[in-house]
Amino acid sequence: MPPSLKEGGGVIVVLVYIRQFICQASHHHNMTWGSLNEYPKAVVHIDGDAFFVSCEIARRPELRGKAVVTGAERGIASAMSAAAKRLGITRGMPIFQMRKLCPELVVLPSDYELYSLYSLRMFEIVRRFTPVVEEYSIDECFAELSGMRRVHHASYEEIARRIKHELETELGMTFGVGLAPTKVLGKVATSLAKKARVVGRGDGFLALPSRDVPGALACFPIEKVWGIGPQTAALLAGHGVKMAGQLAEKTDTWVNKVLTKPGVQIWHELRGTCIHPVCAGARPPQASIQKTKTFTPPSCDPSTIFAQLSKNVENACIKARRHGLAPSRLSFFVKTGDFRCYGHEIKLSRPSVLPSELLACIEPFFHGLLRRGETYRATGVTLSHLSGEGAGQLDLFGATLRAENVREVYKAVDEIAAKYGKHSVFLASSFWAHGSRASKRSEAMGESSTSISPKRKEPPRSAARFQGETPRRRVGLPYLGEVG
Ligand SMILES: [Mg+2]
């Protein structure tokens, strides 16, 4: 018998052994679901640690290791360094209270322009490894690595680790990185990685191949799962489901009976089936944000139409706030029943992400656009000339100061929206445009009407200048000590 055939036999024996081993491991976790393929898809989730403060420290290395917070302009902490967190400083704490805890605390004003530039660099580094990068927020993204092993001559885990290493050494700050077969599991992985690091285990990286998913979900609280709000968590708790693993073990019939569509999708994602794809569409955060919506039936009632527009403005502002950006220009349009568009562009006296302020600017022009007796079927708004939220100049009439107070309210609104779903709280002017709560839940996952247009043509990039930087504003080279 030729020796090669003998060798083949040996390989088969090894494969059988591995298969048995995997089955045993699965049995150990009581795995009745999931794939034996480690990464049917490979999704990496990346999240900056205390991003705003990390940007400040990367710019000023002498602050490293010190208790630092940002948010001086608002009088409350918006981001805290690890040292500040250890002293018990929490998000939203007033400055006077923080000073009592720590007299030598460094309190800095937010510099959103700087954070946006670091954010662009972060996404640019991730795009070296894969073109499929979804910018989820200013310091968070998903990247799909499926099919990239051959390109990089490395396993998914090695690629994900390389991304983390390049981000940390080139930006001078740390990131939580989670590799998993789906976006929801990627978020779980990052969250576990960050938690482990806080107690001194690991370096903020976790790879969660299919076989490790049941073990990881067994003690992962259901309310911490991305997309599960307190209401769904309470509903599930009523059925005895307190951990993500318990939900993942439920049957198809059970979840379809108990949960709405977004919940069922989360169940699939927890079981390792990718439902929410990584949406690559290059969305540079400094481009423009557009929200449009067609409504039925078409209406000739100005307050109904304005309510629709108001809802679009609110949606656009939610998105802008998530990216830490504010527009200094906006345009809106109304579309008639026979598809004619009428619009207007408004230059704002200063950047704002407050729907109430933007709508106050829109309202007089809006009424000028409407024709009596005409029916309208769609409205839309585009926010452009986006810059850091703090870019506004203080005006003589205290409007900025008032806006700061309103901004606090919207911070709370955003937090509520993150927990309870988008539009749990909305402006009275949008009331008639908000349908039943059930339809809103499915919208919260999809964001179907959102688009951020491709960035305007940038000047050719010089060797040393990064995307989004101007000769006036550049990110300094970060301190490269201690990281890596
Ligand atoms: Mg973060």
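The values are calculated or read from the model by the stated rules, or taken from the named source; none is laboratory data. Not measured: the values here are computed from a predicted model. Neighbour counts are summed over all protein chains in view; Cβ atoms, including those assigned to glycine, are modelled from backbone coordinates with ideal geometry.
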> List pairs: first in the range 357-386 and farther than 28 Å from Leu325 by Cα, second assigned to a loop (DSSP other than H, G, I, E, B), Cβ under 6 Å, 6+ apart or cross-chain?
Replying inline: Thr375/Cys300; Thr375/Gly337; Arg377/Gly337
> So Val409 clears everything in (1) at pLDDT 80 or above; (2) under 23 Å from Tyr112 (Cβ atoms) except one condition, right? Which one?
Replying inline: (1)
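Listed here are the residues, each with its yes/no results for (1) in contact with a strand residue (DSSP E or B) (Cβ under 8 Å, 6 or more places away or on another chain); (2) of a type in the set (Ser, Thr, Tyr); (3) assigned by TED's automatic domain parsing to the domain that holds Cys55.
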{"site": "Ala160", "(1), (2), (3)": "yes, no, no"}
{"site": "Thr169", "(1), (2), (3)": "no, yes, no"}
{"site": "Met173", "(1), (2), (3)": "yes, no, no"}
{"site": "Gly178", "(1), (2), (3)": "yes, no, no"}
{"site": "Pro181", "(1), (2), (3)": "yes, no, no"}
{"site": "Val184", "(1), (2), (3)": "no, no, no"}
{"site": "Ser191", "(1), (2), (3)": "yes, yes, no"}
{"site": "Arg197", "(1), (2), (3)": "yes, no, no"}
{"site": "Asp203", "(1), (2), (3)": "no, no, no"}
>> Looking only at residues that are under 13 Å from Phe51 (Cα atoms) and of a type in the set (Gly, Ala, Ser) in the range 115-153, which one is farthest from the ligand (Cβ to nearest atom)?
In response: Ser116
> Looking at Gly147, is it assigned to a loop (DSSP other than H, G, I, E, B) and either under 17 Å from Ala42 (Cβ atoms) or modelled with pLDDT under 95 (or both)?
Replying inline: yes
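Kindly evaluate Asp139 against the criterion of being surrounded by 21 or more Cβ atoms within 10 Å (Cβ to Cβ), among the acidic types (Asp, Glu) and either more than 14 Å from His45 (Cα to Cα) or at pLDDT below 95 (or both). Walk me through it before giving the result.
On the way: surrounded by 21 or more Cβ atoms within 10 Å (Cβ to Cβ): yes; among the acidic types (Asp, Glu): yes; either more than 14 Å from His45 (Cα to Cα) or at pLDDT below 95 (or both): yes.
Judged against the criteria, Asp139 is a match.
Can you report the number of residues in the range 175-195 which are under 24 Å from Lys85 (Cα atoms) and either crowded, with 22+ Cβ neighbours inside 10 Å or in contact with a Leu (Cβ under 7 Å, 6 or more places away or on another chain) (or both)?
So the count comes out to 10.
Out of Ala84, Ala67, Ala79, which single residue is more than 27 Å from Ile289 (Cα to Cα) and either in contact (Cβ under 8 Å) with a residue 60 or more places away in the chain or within 16 Å of the ligand (Cβ to nearest atom) (or both)? Before the answer, list the steps.
Numbers: Ala67 fails: either in contact (Cβ under 8 Å) with a residue 60 or more places away in the chain or within 16 Å of the ligand (Cβ to nearest atom) (or both); Ala79 fails: more than 27 Å from Ile289 (Cα to Cα).
Checking each option against the conditions leaves just Ala84.
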>> I'd like the residue in the range 187-231 that is under 17 Å from the mean Cα position of the chain (by Cα) and not in a helix (DSSP H, G or I) and, out of all such residues, is farthest from Val44 (Cα to Cα).
In response: Gly229
